[in-house]
Amino acid sequence: MDSTLVYYVIFFIVILYFALSINFAVNFTSSFRHKNRLADAGPLVSILFMMKPIVYFIVSLAVIHILNGNVLGRNSKIFMFLILISTIMFLNSSMQFIFIILVAIVLWAPKLLIVNFKELNFKALFLVIVLAPLVCIFVIFIGIGNKVGYDYLLSNEGLSFLMGFGDLLFPRMSTSLFSSVVIFEKALNGTFFGNDVISGIEATLSNRFALINSSGTFDPSLIDTVNRLNYLEVFSNHAERAGASPGIIASSFFTPLFPFSFFIVPLYVAFIFRSLRYHMSKQAKFSLLSFLALPYLIINLFESPLNIFYIFDPILILFLNVCFFGRFVNINAVFKK
């Protein structure tokens, strides 16, 4: 595909993402996912959430461009800066804070993506040691604050709550591990979920089509997804509308093709990373940071792979961009501008 056309497509996406983020910042807060329904927030917010994985993929291509030994052009730096500002305005989850740090590194410290840990000078090493814990603290602070409110979190009661939050935090951080153990145990006892998943996909697809079809009957209370099913099976205390991503291993037990999924899932993972490798030159250099950054930018594809079967879902959009549409992008030609 012509690199100039791709460049203007990326330009349009970034500008639209920026404009929609302004709308989000004006009308909503960072606690959006805990206080609002996406279906009730209006089409502009829905489009913004759909665009998020596309923007993450654009940043991943910029990272690969740097790994190939190149530097971002002037216009590409402007794009990255607009993405940075947009994400700050659109901040609604703790994981997005990591994205903000990563985009800042792409803009102002790209050498960190290719330099080996041993090659870091004392100043850079000191910054890494100091900033890494601060990033973790901010991620936890934002994640908890979004759920309980920042006014409460900064009060004495909130401090007590924070001190005891580990009992909830650590299981939540290990959702994939918990899911793998629990669902595997159920499989050993003869309990499988393939039929439930198929029924859920059919119900969700029908409901989502009803949302865009004026003649259909949309049910805003319906949550019949793999994430919801996994949450109900793994956690003993059930919130009304919560879900939990099963992760790549536990997803094998949810597929209707179990146990063949144990062969399909590794092929799925290999296909994704091969699609990223397609853009890399033989001289591509990596650092520990870039080894972590690339999987993070596409982590949604591994949290719940079965979500690619839900039409109008960000996971499907990310999958199509990484594995199909992205192959038409000549990143070295696009990001040098």
Give the residue that is farthest from the chain's Cα centre (by Cα), with candidates limited to residues of the range 212-260 that are of a type in the set (D, E, K, R) and at pLDDT below 75.
240
Top-ranked residue of the range 252-282 - restricted to ones that are farther than 13 Å from residue 301 by Cβ and among the aliphatic types (A, V, I, L, M), ranked as surrounded by the fewest Cβ atoms within 10 Å (Cβ to Cβ)
267
Go through (1) under 30 Å from residue 78 (Cα atoms); (2) part of a loop (DSSP other than H, G, I, E, B) and name the single condition residue 311 misses.
(1)
Under the condition of being hydrophobic (A, V, I, L, M, F, W, C) and closer than 15 Å to residue 316 by Cβ, which residue from the range 198-211 is modelled with the highest pLDDT?
201
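Anything in the range 314-337 that is part of a loop (DSSP other than H, G, I, E, B), surrounded by fewer than 21 Cβ atoms within 10 Å (Cβ to Cβ) and not polar (S, T, N, Q)? List them, or say none.
Within the range 314-337, the subset part of a loop (DSSP other than H, G, I, E, B) is 324, 329-330, 335-337.
Now restrict to residues that are surrounded by fewer than 21 Cβ atoms within 10 Å (Cβ to Cβ): 324, 330, 336-337.
Hits for the range 314-337 are 324, 336, 337.
Rundown of residues vs (1) closer than 23 Å to residue 281 by Cα; (2) of a type in the set (Val, Ile, Thr), yes/no style:
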site	(1), (2)
49	no, no
58	yes, yes
61	yes, no
70	yes, no
78	no, yes
86	no, no
90	no, no
98	no, yes
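The values are calculated or read from the model by the stated rules, or taken from the named source; none is laboratory data. In this text the structure is predicted, and so the values were computed from the model without any measurement. All Cβ positions, glycine included, derive from the backbone under ideal geometry; neighbour counts span all protein chains shown.
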